[in-house]
Structure formats: structure tokens, C-alpha cells
Amino acid sequence: MSTLDAVRRAYLDAVLRGDRRAVFAIVDEARGAFDIRTLYEQLFVPVQREIGELWQANRITVADEHLATSITQAAMTRLYDELFAAAKRHDCTIVAACADNERHELGLRMFCDLMELEGWDTCYLGATVPLESLVATLRQRRPRALALSTSLPSHLPRLQTVIAEVRQALGDDTPVIMVGGRPFFDDPTLATRIGADFTATDARAAAARLEASA
Ligand code: B12
């Protein structure tokens, strides 16, 4: 298996068949040829987007999408021995959540994994985290940053409320708040308009912004 394009096609084919063993074999082999960042940004991310297009076009079912998404989540863990091996700086902590009714967690998980590669220690809470629990976790862990993610424009008003409530609850102890996900790719100005400090296109850019705000 040589080019990344060939890996991507084989991977997509295998997730659509629901063939977890084939997916794992593809990832294990690709690890030898490509670094982790490349595998995330040029394999897992584009395949998820392709799954979305197939789903939107009614060419695969919701069940097919769920299967593909869960296999990719498992495939990502094949890289965790290397990904979580690097030493972390104690002052670089991030709590990450999909707040309230947001169920698109995989993008945030990918973002957290890529931030680990940048040397940050992430506390990934996943989907649909209630506001009160989020505030409690922030009080307990006192992270440098809070990362919030949404995939749906219709969730932006609620996200704005969540950010305002976090700021109100934590006052001067509020961490840097960054937001990400599809709507912010389309319009980066949305981030500050809903009360966040910034958005970033990828983990490297987010890490650079966080360093600058230290
Ligand atoms: C998988 C999936 C689901 C799964 C999610 C499972 C899971 N465990 O995450 C489920 C089945 C739950 C789901 C549900 C729905 N979904 Co959906 N879903 C998708 C799909 C196919 C893939 C999402 C994904 O994994 N993307 C890949 C990741 C890698 O991309 P990403 O999220 O953008 O993340 C990257 C960056 O944005 C960034 N990032 C992410 N978070 C953060 C945070 C910070 C701080 C920073 C800096 C960066 C950052 O890093 C990531 C890596 O680069 C997309 C298609 C797509 N094009 O994305 C549709 C999609 C997002 N869903 C869609 C829809 C409509 C829905 C539903 C409303 C469907 C329904 N009628 O029920 C529900 C809503 C559920 C809810 N309440 O949230 C639409 C949204 C259209 C729109 N513009 O409104 C899409 C685009 C599909 C489509 N083409 O129609 N979905």
C-alpha cells in the first residue's frame, strides 16, 4: 500500500463493509509510512466527511454511518500508545466538551488527540455534557483552556448561552474558551460573536494561539 490516496480508498471501503479487522490492518500498516498527524488529517477526517456525504445522499443508512464512526473511533486508539507517550507540561491542560445537546463528538476527540501531539494534556468529556457538570469539572480541574465543539449551526444559540453561563459561574477563574467545528470553518468570526475567545482551523493553530495567550 503506497499512496495516501490508496490507503484512504481501502479504509473507506473497509469501514463501509463494517470490516473492523481490515480497518485495523490498514491502520497498522499505514503507521509505518505516515505520521500520526497525517493519518488524522488526511485519513480519518476526510473519510468521516465522505461518510457524511454518502449519508446525506441516502447512499448509506444511519446504521452504516454509526458503524463507520464507531470503527474509526476504535481505529484511532490503535495509535494511542505512541500518541500518549510524550511527556506533558503540567500547565497545559484543556477540558473539552460537546455541551448540552451536541452529539458530534468525534471531531472534538480528534482535535484533543492532535492537541496531545502538541504537548497538551486533554480531558475529553465527549458528547452532550450538561452545563452544571461542565462547570463542576472546570472548578475541580482548573484547566488553562476550555474547548467546545459543535457541528450544527442550529446549536450556536445554545452554545452562546453555555459560554455566557460558564463565564458567569467562574468569573476571573474562567479558562481561555476556544470553539471549533464545521460552523466555525465556514465563518471564523462566529467564535467571538458567540462569546468565545477564538477558534482555530487545526490543533497546531490552536496551540499557537494558546501559547500566545499565556
Ligand atoms: C458522524 C456524524 C453524526 C453522528 C455523530 C457521532 C459521533 N459520535 O460523533 C450522529 C449520528 C450522532 C449525528 C447526528 C446528527 N447529525 Co451528523 N454527522 C456526522 C458526520 C457524518 C461526521 C461528523 C464527523 O465525525 N466529522 C469529522 C470531524 C473530523 O470533523 P469536525 O467535526 O469538523 O472536526 C474537525 C474540526 O472541525 C476541528 N474541531 C472539532 N472540534 C473542535 C473544537 C475546537 C476548540 C477546535 C479549535 C477545533 C475543533 O477538529 C476536527 C479535526 O480536524 C457529519 C458529516 C461531516 N461532513 O462532518 C454529519 C453532519 C455534521 N450531521 C448532520 C446532521 C444534520 C445531523 C443530525 C441533525 C441528523 C438528524 N436529523 O438527527 C443529528 C444531530 C445530532 C445532535 N443533536 O448533535 C449534518 C449537518 C448539516 C448542517 N449544516 O446542519 C452533517 C454535515 C451531515 C450532512 N452532510 O448532512 N451525526
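The share of accessible area on the chain that comes from carbon and sulfur is 49 percent, using a 1.4 angstrom probe.
Taking every C-alpha pair closer than 8 Å and separated by at least 6 residues, the mean separation divided by the residue count of the chain gives a relative contact order of 16 percent. Note on the chain: GNM, Cα springs under 10 Å; of THR72, THR192, THR93, the largest mean-square fluctuation is that of THR192.
Note on the range 68-214: the C-alpha convex hull projects to 8.4 nm² when averaged across all orientations. Panel note: the C-alpha atoms of the range 59-111, placed on their principal axes, show extents of 45, 29, 11 Å (largest first). Per-residue ellipticity at 222 nm from helix content only, as computed over the chain with -39500 (n - 2.57) for each DSSP H run of at least four residues, stands at -16500 deg cm²/dmol. Note that the range 15-136 shows a convex hull volume over its alpha carbon atoms of 104 Å³ per residue. Using a Gaussian network model of the chain whose springs link C-alpha atoms within less than 10 Å, name the residue from GLN160, GLN140, GLN48 with the highest mean-square fluctuation. Per the Cα network of the chain with a 10 Å cutoff, GLN140 tops the list. Largest GNM mean-square fluctuation among ARG142, ARG89, ARG37, using the chain with Cα springs under 10 Å: ARG89.
Residues whose amide H lies under 5 Å from that of THR199, counting only those 5 or more places away or on a different chain, are VAL179; hydrogens are built 1.01 Å from N in the peptide plane.
Using a 1.4 Å probe, what is the accessible area per residue for the chain, in Å²?
On the way: 10760 Å² over 214 residues.
Computed with neighbouring chains in place, this is 50 Å² per residue.
The values are calculated or read from the model by the stated rules, or taken from the named source; none is laboratory data. The model shown is predicted, which means the values in this text are computed figures rather than measured ones. Calculation scope for accessible area: heavy atoms of the full protein, side chains included, ligands and nucleic acids excluded. Shrake-Rupley method; radii C 1.70, N 1.55, O 1.52, S 1.80 Å.
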